[in-house]
1. Suppose we filter Arg86, Arg19, Arg51, Arg73 for residues that are in contact (Cβ under 8 Å) with a residue 60 or more places away in the chain, of a type in the set (D, E, K, R) and either open to solvent by 40 Å² or more (accessible area, probe 1.4 Å) or not in a helix (DSSP H, G or I) (or both); which single one remains?
2. Name the residue that is surrounded by the most Cβ atoms within 10 Å (Cβ to Cβ), counting only residues in the range 413-425 that are in a loop (DSSP other than H, G, I, E, B) and either in contact with an Asp or Glu (Cβ under 8 Å, 6 or more places away or on another chain) or in contact (Cβ under 8 Å) with a residue 40 or more places away in the chain (or both).
3. Can you tell me which residues in the range 347-364 are touching a strand residue (DSSP E or B) at 6+ places or on another chain (Cβ under 7 Å) and open to solvent by less than 50 Å² (accessible area, probe 1.4 Å)?
4. Would you call Ala344 under 26 Å from Thr279 (Cα atoms), open to solvent by less than 10 Å² (accessible area, probe 1.4 Å), hydrophobic (A, V, I, L, M, F, W, C) and not in a loop (DSSP other than H, G, I, E, B)?
5. Among (1) in contact (Cβ under 8 Å) with a residue 60 or more places away in the chain; (2) in a helix (DSSP H, G or I); (3) open to solvent by 20 Å² or more (accessible area, probe 1.4 Å), which single condition is Phe38 missing?
6. Of all residues in the range 193-207, which are open to solvent by 20 Å² or more (accessible area, probe 1.4 Å), outside any loop (DSSP other than H, G, I, E, B) and hydrophobic (A, V, I, L, M, F, W, C)?
7. Which is under 23 Å from Asp252 (Cβ atoms), modelled with pLDDT of 95 or more and under 20 Å from the mean Cα position of the chain (by Cα), of Ala106, Ala62, Ala54, Ala58?
8. Is it the case, given these coordinates, that Val301 is touching a Phe, Trp or Tyr at 6+ places or on another chain (Cβ under 8 Å), buried (at least 20 other Cβ atoms within 10 Å of the Cβ), of a type in the set (Val, Ile, Thr) and part of a loop (DSSP other than H, G, I, E, B)?
Amino acid sequence: MPAAPAAAAALPNMPDYERARRGFSWPAARRLLSGLPFGRGLNIAHEAVDRHAASPRATHVAVRAIAVDGSRRDFTYDDLARHSSRFANLLTRLGVDAGDRVFVLAPRIPELVVAALGTLKTRAVFTPLFAAFGPEPIRARAEIGRPRVIVTTRSLYRRKIAAIREALHTVEHVILVPDEAGPQPAGTLEYHEEMARSEDHYTIVATAPGDPALLHFTSGTTGMPKGAVHVHEAVVAHHVTGILALDLHPDDVFWCTADPGWVTGTSYGIIAPLTNGVTSILDAGEFDAQRWCRILQDEAVTVWYTAPTAIRMLMRAGADVARGFDTSRLRFAASVGEPLNPEAVVWGRDAFGHMFHDNWWQTETGGIMIANVAAVPIRPGSMGKPLPGIEAAVVERRPDGRVCEVHEPDRQGELALRPGWPSMFRGYWNEPGRYAAC
């Protein structure tokens, strides 16, 4: 294998965990970002692309999109700034206002990223949907979120939305990315035609940190899905956890395998890598062990964020598959989504030369809360320690209703976090009582 480049030997961003916790503050983390010009607030899209486009980072590749057939499209930070501005102007032309919901149902394609950033520029609320959803989950989420616009592909519209279009009473516009031949469905707009009619400059208006930005639906496996609302200030946590938990460095090539239809794919598939100015891989293909290992090799991925299910599928394929590829540039591998069994943590070292750094968070936290970080030895089976700025404890509810912290070892309780981090969700959409109960 060739020698690893300098990026693979980069020193951890957080070399001393305890010292970092003592010296951390959220206001200081906020100062790592630029804010909108002239003190006009904080907007996720500005921090993700526009500020880089106005800097020497403009020509750096922001997103490398890999299609199902393996073909590639590169988008620099300047490209993303211009494309997302075109989309923002498109939404403005359609009458979309601040706070309106824009639903995006799409596979991992660059148009999804453009739509997310363009929506955020207008101060509308970006709401991603998992592309594998059927018509009923889509209808249920639309009934709760009441979108004005849906962005999807022509094939997904035909298979999943056309039959329920009349039931989506609040949807005024459907924008389709062409991914198959055929006539444009009646009552829809063609993505590329509409983008061509838009200017590639857009001035983001004043955005308060507490303005709604993201609406993420939980899975709904235990009842009706809940819509967790996140605000533009969440970008502070996305950015700094990318530095501290995922150890992102400016010259990294980062690959988050999560679908943007879930919170991980938005927080760490779109926002965190872009605010940190790295190159992010976006793969439209489905899981395949050979394909994944080839991406790690051919794209010289240095930081990889994936899920326990995927790791266990790689394990079933066998470490010899991974060893058949040159993944020597990889220096940090992390996992999230469910507990990662110790055997899978250690297997990463056998297959890729690195144990997997498990971490924990959820839709409502908006960003990583507890993690195995780069400079702290991994304890296989443990999800790590609270990140700087996060106060966590194990608690139990006593018979008299009091909630008390558990200090004794080997005693079970519930994980609790002290509120106050920027990416904490600010409500369940149209369910204030449910939020108050939390």
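The values are calculated or read from the model by the stated rules, or taken from the named source; none is laboratory data. Quick caveat: nothing in here was measured; it's all calculated off a predicted structure. All Cβ positions, even for glycine, are placed from backbone atoms using ideal geometry, and neighbour counts span all protein chains on display. Heavy atoms of the whole protein, side chains included, go into the accessibility calculation; ligands, DNA and RNA do not. Shrake-Rupley method; radii C 1.70, N 1.55, O 1.52, S 1.80 Å.
1. So the residue among Arg86, Arg19, Arg51, Arg73 that is in contact (Cβ under 8 Å) with a residue 60 or more places away in the chain, of a type in the set (D, E, K, R) and either open to solvent by 40 Å² or more (accessible area, probe 1.4 Å) or not in a helix (DSSP H, G or I) (or both) is Arg86.
2. Ser423
3. Result: Gly348, Phe352, Phe356, His357, Asp358, Asn359, Thr363, Glu364.
4. Numbers: under 26 Å from Thr279 (Cα atoms): no; open to solvent by less than 10 Å² (accessible area, probe 1.4 Å): yes; hydrophobic (A, V, I, L, M, F, W, C): yes; not in a loop (DSSP other than H, G, I, E, B): yes.
Judged against the criteria, Ala344 is not a match.
5. (1)
6. Answer for the range 193-207, where residues must be open to solvent by 20 Å² or more (accessible area, probe 1.4 Å), outside any loop (DSSP other than H, G, I, E, B) and hydrophobic (A, V, I, L, M, F, W, C): just Ala196.
7. Values: Ala106 fails: under 23 Å from Asp252 (Cβ atoms); Ala54 fails: under 20 Å from the mean Cα position of the chain (by Cα); Ala58 fails: under 20 Å from the mean Cα position of the chain (by Cα).
Among Ala106, Ala62, Ala54, Ala58, only Ala62 is under 23 Å from Asp252 (Cβ atoms), modelled with pLDDT of 95 or more and under 20 Å from the mean Cα position of the chain (by Cα).
8. yes
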